[in-house]
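Right, one structure below, let's go through it.
The values are calculated or read from the model by the stated rules, or taken from the named source; none is laboratory data. Here the structure is a predicted model, which is why all the values come from computation and not from measurement. Here the Cβ positions follow ideal geometry from the backbone for every residue, glycine too, while neighbour counts run over all protein chains shown.
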Amino acid sequence: MIHIFFGASGAATFRQFLKARGIAEVVAFLSENLEFGPISHGDLADREPWLDRHVPLDDGKRDWLMREEAKFRKRVENDPERLIWIAPASATEQAGLYWYLSQFGGTDLKLAIADFPFDGDWNGESPLNLSEVDLERMGQLYDECPRMAWEASRFPENRWSALVAENALLRVVNGGWLQSAPEDHFDQLLLARCPRRWVKWPRVIADTMGSIWKIGQSAGSDLLLWRLRRLIEDGRIACDGTLPASGLGASFNTKIRRLA
């Protein structure tokens, strides 16, 4: 049995849970966040140079992306008994699932779909993504979430090819359905959370993520970093130093403020 996640954080928590329970099962994850960026090739080869240009790392280039994808493929191909864990409210996880279906198909695939509220949650909402699920709730998922055969009526196998054909740089979940969206979809929320006084840019990213959660969507930090850099380049946000970059390097303390 191999448990498949679309995101490193959820997979890491799930591994901790399995270890705590003494369960010896394999966990694999696709590290690429496919909610944004180009998706014109099935092997994701076009993403590495695009990300290095638009969401650069503080400490180098992403020359490991293709190696990570190859590692994921090998682990999946080595185990025909596959269980995918997904929060359908997450654009990252839906996009990962559709990419998976385009590459491996859905034959004999089972899904554990986190579309129910956890015990004790005050608002009765299902998780927006599995990266937000803590160890205790991961145990509840493991114990209570039914394993269901993949159904093309809910997650069509050809959805990825349709998204590729639309050639958008952003994908969001709307009404439970993964859709292409204009690349500036979250820009107004970013601007609204960026004050006219100087603040460190990670604070703006974090506040914007909270605003997005409130409208029932989610967005990763690198997605918002891409948009923040674009707003700086367009002259709508001022930057007092090195342009923000992904990681904990020199740009982490860069300050920004809204101009318009």
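What to note about this one:
- Residue match in the stretch 96-116 (condition: in a helix (DSSP H, G or I), among the polar types (S, T, N, Q), in contact (Cβ under 8 Å) with a residue 40 or more places away in the chain and out of contact with any helix residue (DSSP H, G or I) (no Cβ under 8 Å at 6 or more places or on another chain)): no
- Selection count, the stretch 1-23, where residues are assigned to a helix (DSSP H, G or I) and not aliphatic (A, V, I, L, M): 9
- The stretch 224-260, subset charged (D, E, K, R) and part of a loop (DSSP other than H, G, I, E, B), residue farthest from residue 33 (Cα to Cα): 240
- Residue match in the stretch 165-174 (condition: in a helix (DSSP H, G or I), without any contact (Cβ under 8 Å) to a residue 60 or more places away in the chain, within 24 Å of residue 4 (Cβ to Cβ) and not aromatic (Phe, Trp, Tyr)): no
- Among the numbered conditions (1) touching a residue at least 40 places away in the same chain (Cβ under 8 Å); (2) in a strand (DSSP E or B); (3) not basic (Lys, Arg), the only one that residue 179 does not meet is (1).
- Residue within the stretch 179-191 that is outside the structural domain of residue 87 (by TED's automatic domain parsing) and farther than 30 Å from residue 44 by Cα present: yes
- Residues located in the stretch 24-66, provided they are free of Cβ contacts under 8 Å to residues at least 12 places away in the same chain and either surrounded by fewer than 12 Cβ atoms within 10 Å (Cβ to Cβ) or outside any loop (DSSP other than H, G, I, E, B) (or both): 24, 41, 49, 52, 53, 60
To keep it simple, each residue is scored yes or no on (1) more than 24 Å from residue 101 (Cβ to Cβ); (2) not charged (D, E, K, R).
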| residue | (1), (2) |
| --- | --- |
| 139 | yes, yes |
| 152 | no, yes |
| 173 | no, yes |
| 176 | no, yes |
| 194 | yes, yes |
| 198 | yes, yes |
| 217 | no, yes |
| 230 | yes, no |
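Matching residues to (1) under 18 Å from the mean Cα position of the chain (by Cα); (2) modelled with pLDDT of 95 or more; (3) outside the structural domain of residue 154 (by TED's automatic domain parsing):
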{"position": "78", "(1), (2), (3)": "no, no, no"}
{"position": "82", "(1), (2), (3)": "no, yes, no"}
{"position": "87", "(1), (2), (3)": "yes, yes, no"}
{"position": "96", "(1), (2), (3)": "yes, yes, no"}
{"position": "106", "(1), (2), (3)": "no, yes, no"}
{"position": "115", "(1), (2), (3)": "yes, no, no"}
{"position": "120", "(1), (2), (3)": "no, no, no"}
{"position": "123", "(1), (2), (3)": "no, no, no"}
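- The listed residues are 172, 133, 199, and the only one of them that is aliphatic (A, V, I, L, M), buried (at least 19 other Cβ atoms within 10 Å of the Cβ) and touching a strand residue (DSSP E or B) at 6+ places or on another chain (Cβ under 8 Å) turns out to be 172.
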